[in-house]
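Chemist: Starting off with a structure, shown below.
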Amino acid sequence: MPALNTLYAAPSHGSGAATGARIRVMIADDSAVVRGLVARWIAEAGFDVVATASNGRIAVESMARHDPDVILLDIDMPELDGTQALPLLLAKSPGVQVVMMSTLTTRNADISLRCLSLGAVDYLAKPESNRGVTTSDAFRTELIERVRLFGSARARKRGPVLSLAGAATVPAATAAPKATTPITLRPKARASVSPRVLLIGASTGGPRAVGEVLEKIGAATLRQFPVLIVQHMPPVFTAVFAEHLGARTGLPAAEGKADERLQPGRIYVAPGGRHMGLSGAAGRPDVAIRLHDGPLVNFCRPAVDVLFQDAAAIFGASALAVVLTGMGSDGTGGARALTEAGAAVLAQDEATSTVWGMPGSIAKAGLAQAILPLGEIGGALRNLLTGKSA
């Protein structure tokens, strides 16, 4: 029996007030319930659902007709699954923004992270059942947020869409450019204090960025320091993320455990859903991981601020931190505490960030010693860790 509702095409409804072109979305999921529900959410949010597909083959075949800005791509589908469809979709439209969707299993977390290295821009953890999808306000909010985030820039580049009669819709009046906030770099930290720990904070786009930074620092340097990472991720994903980092660097990497003493040459990833901080006294060697289930900080748990603030109190000027791509402003409060303690904080630049939220907030607050492209951050951190000029 053929699959029902394998392809749905909707006409464009014209340009959006903010961009002059509405965001065009394709949904590829083998569940008719998920397709219908997500399509309704997207339409209610003011975006255009240009196609839905029940498997990857149909999604690939419909690309040329519908030219979506964003594809929500399920991993488990018949005929052609999400991992097989991803490179074909990107080949047909290199600029399309693909968000992988999967339930929270170790297998799906591993696949989702591998898809990020193949060109997907983000992942979205689905509730395990259709009922869970229906009742989860958090899933709906995150889904709409990602569509808006990743689709808006591409829709602006594409410009106004054609109406059903074939005439171009007229873009809304363009708002006057906002005044840019002057960026002031923080004076370099005291060279006489050698780093004792490396701290990394990241969110959207972070898995790829964190891996690249650690790889460019190099295992020889990393073996001399404990590395603590807060990457905004759900449970299960963080454990798999740590495994990926371990494979990429050749160093032991795992989720941090409560009361685990920091050791050089180990990578500690904050567990999804838990804050990871530090306990111990300044100047003592027995600093340990502190895990807790406290309130969300900056709408996040784990939060970068929690780690950074503890590190500022314990390590002071001997901490070294970097904030990479991510939404929001998590890490700014902790970066302020670090810089006030004499530590150096680096930030990723806007051009190479998937989202210049977190690093942008650090930069605009004047807390960054340097604002660098992703490709230069690893080398700069290596120089700082080894005492060379950054």
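Quick note: the coordinates plus some simple rules give every number you see, no bench work behind them. Everything numeric here is computed off the predicted structure, so don't read it as measured data. Cβ coordinates were reconstructed from backbone atoms using ideal geometry, including for glycine residues, and neighbour counts include every protein chain displayed.
Chemist: Full-extension gain between residue 114 and residue 79, please, as 0.36 nm times their residue separation minus the C-alpha to C-alpha distance. Could you put the intermediate results ahead of the total?
Modeler: Details: separation 35, 0.36 × 35 = 12.60 nm, distance 2.02 nm.
Taking residue 114 through residue 79 to full extension adds about 10.6 nm, to one decimal.
Chemist: Additional query: How far apart, in nanometres, would the label points at residue 142 and residue 247 be if each is projected 7 angstrom from Cα along the Cα-to-Cβ direction?
Modeler: So the two model labels end up 2.2 nm from each other.
Chemist: Now a separate question. Stretched out fully, how many nm does the piece from residue 350 to residue 292 gain, at 0.36 nm a residue minus the Cα gap?
Modeler: Stretched fully, the residue 350-residue 292 segment lengthens by 17.7 nm.
Chemist: Right, here's the next one. Apply the Karplus parameterisation 6.51 cos²θ - 1.76 cosθ + 1.60, with θ equal to phi minus 60°, to every residue of segment 207-221 and state each ³J(HN,Hα) to the nearest whole Hz, in sequence, with x for glycine and proline.
Modeler: My calculation for segment 207-221 gives x, 5, 5, 4, x, 5, 4, 5, 4, 6, 5, x, 4, 4, 6 Hz in order.
Chemist: Given only helices, namely DSSP H runs of n ≥ 4 each adding -39500 (n - 2.57), what is the per-residue ellipticity at 222 nm of the chain, to the nearest 500 deg cm²/dmol?
Modeler: -11500 deg cm²/dmol
Chemist: Give the relative contact order (percent, whole number) for segment 7-158; include only Cα pairs under 8 Å separated by 6+ residues.
Modeler: It rounds to 24 percent for segment 7-158.
Chemist: Another question, then. What spacing in nm lies between the two simple spin-label points modelled at residue 219 and residue 40, each 7 Å away from Cα in the Cβ direction?
Modeler: It works out to 5.2 nm between the two label points.
Chemist: So who's got an amide H within less than 5 Å of the one on residue 352, skipping anything under 5 residues away but keeping other chains? H placed 1.01 Å off N, in plane.
Modeler: Amide H neighbours of residue 352: 374.
Chemist: Additional query: Counting only DSSP beta bridges with both residues in segment 199-343, what percent are antiparallel, rounded to the nearest 5?
Modeler: Among the beta bridges of segment 199-343, antiparallel pairing accounts for roughly 35 percent.
Chemist: I need two numbers for the chain: Rg to one decimal and Dmax as a whole number, Cα atoms only, in Å.
Modeler: In Å, with Rg to one decimal and Dmax whole: 22.1, 73.
Chemist: Could you compute how fast segment 236-381 diffuses translationally, taking Rh as the Kirkwood radius over C-alpha pairs and applying Stokes-Einstein at 25 °C with viscosity 0.890 mPa s? Give it in µm² per second.
Modeler: Result for D is 157 µm²/s.
Chemist: How big is the charge dipole of the chain about its Cα centre, in debye rounded to the nearest 20, if each Lys and Arg gets +1 on its Cβ and each Asp and Glu gets -1 on its Cβ?
Modeler: 920
Chemist: Now a separate question. R0 = 35 Å: FRET efficiency of residue 104 with residue 188, Cβ-based, nearest 0.05? Working shown, then result.
Modeler: On the way: r = 43 Å, r/R0 = 1.22.
Given R0 = 35 Å and the Cβ-Cβ separation, E is 0.25.
Chemist: Looking only at 342, 272, 375, which one moves most when the chain is put into a Gaussian network model with springs between Cα atoms under 10 Å?
Modeler: Per the Cα network of the chain with a 10 Å cutoff, 375 tops the list.
Chemist: Neighbouring Cβ atoms within 10 Å as the yardstick, rank 126, 364, 188 fewest first. Let's see the in-between values first.
Modeler: Details: 126 24, 364 18, 188 12.
So the ranking, lowest neighbour count to highest, is 188, 364, 126.
Chemist: Assigning unit charges at the beta carbon (Lys, Arg +1; Asp, Glu -1) and nothing else, what dipole magnitude in debye, to the nearest 20, does segment 38-116 show about its Cα centre?
Modeler: Using Cβ point charges on Lys, Arg, Asp and Glu, segment 38-116 gives about 120 debye.
Chemist: How would segment 345-384 be classified by its alpha-carbon gyration tensor: rounded, prolate or oblate, with rounded meaning a/c under 1.5 and the a/b versus b/c comparison settling the rest? Spell out each step's value before the answer.
Modeler: Details: a/c = 2.91, a/b = 1.30, b/c = 2.24.
Taking the square roots of the gyration eigenvalues as a ≥ b ≥ c, segment 345-384 is oblate.
Chemist: May I pose another question? Within segment 19-41, what residues put their amide N at less than 17 Å from the label point 7 Å along the Cα-to-Cβ vector of residue 134?
Modeler: Residues 31-41 qualify, since their backbone N sits under 17 Å from the label point.
Chemist: Report the equivalent ellipsoid semi-axes for segment 7-158 in whole Å, largest first, defined as the square roots of five times the eigenvalues of the gyration tensor built from alpha carbon atoms.
Modeler: Over the Cα atoms of segment 7-158, the ellipsoid semi-axes are 21, 18, 14 Å.
Chemist: Could you tell me the calculated FRET efficiency between residue 64 and residue 257, based on Cβ-Cβ distance and R0 = 35 angstrom, to the nearest 0.05?
Modeler: 0.10
Chemist: Out of all DSSP beta bridges in segment 7-158, what portion is antiparallel? Express it as a percent rounded to 5.
Modeler: So the antiparallel bridges amount to about 10 percent of the total.
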